[in-house]
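Here the structure comes first, spelled out in structure tokens, and everything after it is commentary.
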Amino acid sequence: MTELTMAKAINAGLRAALAADEKVLLMGEDIGTLGGVFRVTEGLKAEFGEGRVLDTPLAESGIVGTAIGLAMRGYRPVCEVQFDGFIYPGFDQITSQLAKLTYRHEGSQSFPVVIRVPYGGHIGAVEHHQESPEAYFAHTAGLRSISPATPHDAYWMIQDAIASNDPVMYFEPKSRYQRRGEVDLENRGAAMHESRVVREGTEVTLVGHGAMVAVLLQAADIAAEEGTSVEVIDLRSLSPIDYEPILASVQKTGRLVVAQEAPGNVSVGSEVAATIAERAFYSLEAPVLRVSGYDTPFPPAKLEGVYLPDADRVLEAVDRSLAY
Amino acid sequence: MPDAAKPDATTQDPVRLLDEHGARTASDRYDPLIADLDDHALAGLYEDMVLIRRIDAEGMALQRQGELALWPPLLGQEAAQIGLGRALRSDDFVFSSYREHGVAYCRGVAPVDLLRVWRGVSVSGWDPFEAGMASPQVIIGAQALHATGYAMGIQNDRERDPATPDSVAVACFGDGAMSEGDVNEAMVFAATYQAPVVFFCQNNQYAISEPVSLQTRVPLADRPAGFGIPSARVDGNDVLAVTAVVREALERARGGGGPGFIEAVTYRMGPHTTADDPTRYRDPAELELWSARDPIQRLRAHLESRGAFGPELEESVAARADQVAAELRAGCIAMPDPDALEVFADVYAEPHAELDRQRADYARYLGGFVS
């Protein structure tokens, strides 16, 4: 066991992947000499050289589009999009190209490209720096989308993403970058697309991903003080979603609250809610409830506490669920 | 002696080695690059152009008869495409748009495979790695980045292992694509990393209905200089000039000289696709002007002037064209519809639990019908 911040854990995972396979390349803006604006790639250019860790021109479509060409030449590029809100100039290359290329090649070629996306709020930044765009990509066939909540998962899941022969969107909850946690460098634990019960309980199930998992655990602690037993599930994979642990939990608790930083309209949380309603109707004692960011642009930093679900908003939904 | 080919003067006339009557123009710079093109090789280029024109005409006819959903014709662009296609080595790699039937033909793609996408039975026509040519791109200009990335890969491979062949990636696109961000980003990346990629822009004067004047106020070949990329403007209806200019750019890229850009000035004689009606936006006089610059007639006149064109060549090429067209038609009509469950195939390279579930659900749904 080693204690690492999430940023250091991802760095260690990238280093392990670079060392294990010489076809792995890192590409992005400021990732080389500077080590990335969040220092996630710190030291990797010095260790592996500029042929493996490429500082690129400032063009997100260019980064993803050239990564596709490199993949056709046998490389396994890992692209960093500097901030969540900067991903849209690369949207066509991700959704119209990368996502569809295995299908377009009728399986004769795979496209093992990873897109790393620091995402989410809680950092008090300006517009385009606190968004949660994961639903766009979870909606797109041909992509896989995952998001770790802990340093341990961050370390292993980045290596899983790079090893996958499919394109993987790897969403990094940037508000958790400097939080420390135990990383077991020997035993990986859950697989890339498994969701996982991170706290057991009996009365209400809470589901979330990324930075929201810490909020849900905090809510569960408060609920326990009030005598309510809450189960918390870390989704980990946003596409495909692993429903089995959620179904098993809901069969036990009969109640489900889904929480996320992203706007609720047509979101990953909506998909979880709809699917559980379809597949576990007779187990439910209350409607599935969602706690989300509002359907507004991400607000100015002084208002982010209004927008981002916190433990109180989650507990208010728990209370509403229990009232049925 | 002044060089009539005017190689670098991109704001002036394009490089031309055959005039409109097939007479050869001397060029100190370009003649050595095509010195190997003897009567036999020229007859080969003639046959390629006649055959691809016939394949294209058959594609048009098959669409009109309801056998294809759509067809984007290359009529008029044969010299640009065959000149490029025949200048490449088998280990080079082409990333094209949807109109490069002539380039695909040169890469060894079976004519019937050119039709698969347009018949609606598949999203691709061939195995890219067998042909050294990616599946044609529909999003305008997107493939320029893929070509650049592939070229960065060649460069990286060669740095790791100098025995790696000095292959070149080629991006084919049209005048309309010059306005797309991806083409411009591709030129930035290619110049920055000095990647071995050749950008081959067929300026066929129109992006559907929009004339090239709507995309640019300067000749397209003037733009790459701003990216630090050497550029040439060539008469795209002159197969000798296209061959020479492409060979020059390929050699420079192979030798570590970085990317190159070629504007092949040509004309789309037909519609954008079978769904288009060019009479709504094109002056018939313009069509007449370009008919007089026909690339096949020009090469034929040149062969005649060399005493290398006779009834024997004409008849053998015509017979070969008839045969290819008949095989193409039969192959198109015999193409089976895909199986319903193909919808779910190859979306991912590895198993995907939720898609597997949808496939099983659909199979069960299909099984519920009484046969």
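Out of curiosity, is residue B:33 on the phi < 0 side of the Ramachandran plot and open to solvent by less than 30 Å² (accessible area, probe 1.4 Å)?
No: the conditions fail for residue B:33.
Identify all residues within region B:247-261 that are outside any helix (DSSP H, G or I) and either touching a strand residue (DSSP E or B) at 6+ places or on another chain (Cβ under 9 Å) or outside the structural domain of residue B:53 (by TED's automatic domain parsing) (or both); write none if there are none.
B:258, B:259, B:260, B:261
Step by step: first the residues of region A:57-82, then only those that are assigned to a loop (DSSP other than H, G, I, E, B) and out of contact with any Gly (no Cβ under 6 Å at 6 or more places or on another chain), then the one that is surrounded by the most Cβ atoms within 10 Å (Cβ to Cβ). Which residue is that?
Ranking the qualifying residues of region A:57-82, first place goes to A:81.
Looking only at region B:74-123, which residues are assigned to a helix (DSSP H, G or I), of a type in the set (Val, Ile, Thr) and either open to solvent by less than 40 Å² (accessible area, probe 1.4 Å) or more than 12 Å from chain A (Cβ to nearest Cβ) (or both)?
B:82, B:103, B:112
Can you tell which of A:29, A:80 is charged (D, E, K, R) and within 14 Å of chain B (Cβ to nearest Cβ)?
A:29
Name the single residue that is nearest to residue B:130 (Cα to Cα) among those in region A:100-124 being away from chain B (no Cβ under 14 Å) and in a loop (DSSP other than H, G, I, E, B).
A:120
This table checks each residue for (1) in a helix (DSSP H, G or I); (2) surrounded by 13 or more Cβ atoms within 10 Å (Cβ to Cβ).
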residue: B:301; (1), (2): yes, yes
residue: B:312; (1), (2): yes, no
residue: B:341; (1), (2): yes, no
residue: B:348; (1), (2): no, yes
residue: B:351; (1), (2): no, no
residue: B:357; (1), (2): yes, no
residue: B:361; (1), (2): yes, no
residue: B:366; (1), (2): yes, no
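Is there a residue being in a helix (DSSP H, G or I) and open to solvent by 50 Å² or more (accessible area, probe 1.4 Å) anywhere in region B:228-246?
no
For region B:28-36, does any single residue satisfy the condition of being outside any helix (DSSP H, G or I), in contact with a Cys (Cβ under 9 Å, 6 or more places away or on another chain), farther than 23 Å from residue B:174 by Cα and modelled with pLDDT of 95 or more?
Scanning region B:28-36, I find no residue that is outside any helix (DSSP H, G or I), in contact with a Cys (Cβ under 9 Å, 6 or more places away or on another chain), farther than 23 Å from residue B:174 by Cα and modelled with pLDDT of 95 or more, so the answer is no.
How about region B:124-151: which of its residues are more than 8 Å from chain A (Cβ to nearest Cβ) and farther than 20 Å from residue B:177 by Cβ?
Hits for region B:124-151 are B:125, B:126, B:130, B:131, B:132.
Only one of B:327, B:312, B:354, B:304 is more than 14 Å from every other protein chain (Cβ to nearest Cβ) and in contact with a Pro (Cβ under 8 Å, 6 or more places away or on another chain). Can you tell me which?
B:327
Search region A:263-275 for residues being open to solvent by less than 50 Å² (accessible area, probe 1.4 Å) and either part of a loop (DSSP other than H, G, I, E, B) or not assigned by TED's automatic domain parsing to the domain that holds residue A:308 (or both), and hand back the single one that is farthest from residue A:314 (Cα to Cα).
By that ranking, first place goes to A:267.
Just name the residue that is nearest to the other protein chains (Cβ to nearest Cβ) out of those in region A:150-174 that are closer than 19 Å to residue A:308 by Cβ and in contact with a Pro (Cβ under 7 Å, 6 or more places away or on another chain).
Residue satisfying both the conditions and the ranking: A:172.
Somewhere in region B:262-281, is a residue modelled with pLDDT of 95 or more, at positive phi and not in a helix (DSSP H, G or I)?
No, region B:262-281 contains no residue that is modelled with pLDDT of 95 or more, at positive phi and not in a helix (DSSP H, G or I).
Give the residue, chosen from A:317, A:277, A:262, that is closer than 16 Å to residue A:228 by Cβ and not aromatic (Phe, Trp, Tyr).
After ruling out the rest, the residue left standing is A:317.
Would you pick out the residues in region A:22-42 that are farther than 13 Å from residue A:78 by Cα and open to solvent by 40 Å² or more (accessible area, probe 1.4 Å)?
Across region A:22-42, the qualifying residues are A:30, A:33, A:34, A:37, A:38, A:39, A:42.
In region A:95-110, how many residues are within 20 Å of the chain's Cα centre (by Cα) and without any contact (Cβ under 8 Å) to a residue 60 or more places away in the chain?
1
Just the residues that are open to solvent by 40 Å² or more (accessible area, probe 1.4 Å) and within 17 Å of residue A:213 (Cα to Cα), please, taken from region A:276-305.
Those that are open to solvent by 40 Å² or more (accessible area, probe 1.4 Å) and within 17 Å of residue A:213 (Cα to Cα): A:290, A:305.
Between B:284, B:336, B:271, B:295, which is in contact (Cβ under 8 Å) with a residue 60 or more places away in the chain and exposed (fewer than 11 other Cβ atoms within 10 Å of the Cβ)?
Only one candidate qualifies: B:336.
Assigned by TED's automatic domain parsing to the domain that holds residue A:247, at pLDDT 95 or above and under 20 Å from residue A:215 (Cβ atoms): is that true of residue A:308 in this structure?
So residue A:308 fits the description; yes.
Looking at (1) assigned to a loop (DSSP other than H, G, I, E, B); (2) surrounded by fewer than 21 Cβ atoms within 10 Å (Cβ to Cβ), find the lone condition where residue A:85 falls short.
Going through the list (1) assigned to a loop (DSSP other than H, G, I, E, B); (2) surrounded by fewer than 21 Cβ atoms within 10 Å (Cβ to Cβ), residue A:85 breaks only (1).
For residue A:36, only one of the following conditions fails: (1) out of contact with any strand residue (DSSP E or B) (no Cβ under 7 Å at 6 or more places or on another chain); (2) not in a helix (DSSP H, G or I). What is its number?
Only one criterion in (1) out of contact with any strand residue (DSSP E or B) (no Cβ under 7 Å at 6 or more places or on another chain); (2) not in a helix (DSSP H, G or I) is unmet by residue A:36, namely (1).
Residues being charged (D, E, K, R), in contact with a helix residue (DSSP H, G or I) (Cβ under 7 Å, 6 or more places away or on another chain) and more than 7 Å from every other protein chain (Cβ to nearest Cβ): count how many of those fall in region A:52-73.
2
In region A:238-262, how many are part of a helix (DSSP H, G or I), in contact (Cβ under 8 Å) with a residue 12 or more places away in the chain and aliphatic (A, V, I, L, M)?
Number of matching residues: 3.
The values are calculated or read from the model by the stated rules, or taken from the named source; none is laboratory data. Quick caveat, the model's predicted, so the values are computed rather than measured. Using ideal geometry, Cβ is built from the backbone for each residue, glycine included, and neighbour counts are taken over all protein chains shown. Just so you know, the surface numbers come from the protein's heavy atoms only, side chains and all, with ligands and any DNA or RNA stripped out. Shrake-Rupley method; radii C 1.70, N 1.55, O 1.52, S 1.80 Å.
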